[in-house]
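The values are calculated or read from the model by the stated rules, or taken from the named source; none is laboratory data. Small disclaimer: the values here were computed from a predicted structure and weren't measured. In this analysis, Cβ positions are derived from the backbone assuming ideal geometry, glycine residues included, and neighbour counts consider all displayed protein chains.
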Amino acid sequence: MNAFVPKIFYKNRGLFLLTIGAGVLLAATLEGCKKDKDRIPDVLVDIYVSPTEPGYTDLNTPGGYVNIVGGSRGILVYRRSLDEFLAYDRHCPYQPSSSCARVEVDSTGIQAHDACCGSTFLLLDGSVVSGPSGLPLKQYQTYFDGTWVHITN
């Protein structure tokens, strides 16, 4: 006999299985009662931007960026190299339900900072540089055909 299983369960397997099943069901029910983890809302993104268009000329050189309308709280488009663009949602991933959770590019031009929580993110890959955020910036897919940058999810 196993020392961890009470003797009553050896005589009545049905009772044992019923008890295990009830425990699993209870655990699943309690798991469903947990508050959903805060997350940035999923919003359809399908935007085209041309670096040669007025208002987007800051994207003409690597290291340039612009903020555009779209995503959850705006989209930050960053030119990483001559043929690579990155696009991030400006919605800070730390406590996204906070009304002030929004990143702004700082004076370095390569980091975005959320003044609300104090998190700082590297624009080269969206990773956390400092602050309480445990998640990187939400990134969108980008495609560049030489003229247009297509930003999508």
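Name every residue in the stretch 79-131 that is among the aromatic types (Phe, Trp, Tyr) and assigned to a strand (DSSP E or B), in order of residue number.
We begin by selecting, within the stretch 79-131, every residue among the aromatic types (Phe, Trp, Tyr); these are 85, 88, 94, 121.
Of everything in the stretch 79-131, those that are among the aromatic types (Phe, Trp, Tyr) and assigned to a strand (DSSP E or B) turn out to be Phe85, Tyr88, Phe121.
If the requirement is being surrounded by fewer than 20 Cβ atoms within 10 Å (Cβ to Cβ), in contact (Cβ under 8 Å) with a residue 12 or more places away in the chain and in contact with a strand residue (DSSP E or B) (Cβ under 8 Å, 6 or more places away or on another chain), which of these qualifies: Thr52, Thr61?
Details: Thr52 fails: in contact with a strand residue (DSSP E or B) (Cβ under 8 Å, 6 or more places away or on another chain).
Of the residues listed, the single one that is surrounded by fewer than 20 Cβ atoms within 10 Å (Cβ to Cβ), in contact (Cβ under 8 Å) with a residue 12 or more places away in the chain and in contact with a strand residue (DSSP E or B) (Cβ under 8 Å, 6 or more places away or on another chain) is Thr61.
So, Val69, is that one under 24 Å from Ile40 (Cα atoms), at pLDDT 95 or above and more than 14 Å from the chain's Cα centre (by Cα) or not?
On the way: under 24 Å from Ile40 (Cα atoms): yes; at pLDDT 95 or above: yes; more than 14 Å from the chain's Cα centre (by Cα): yes.
Considered against the rule, which asks whether it is under 24 Å from Ile40 (Cα atoms), at pLDDT 95 or above and more than 14 Å from the chain's Cα centre (by Cα), Val69 comes out as yes.
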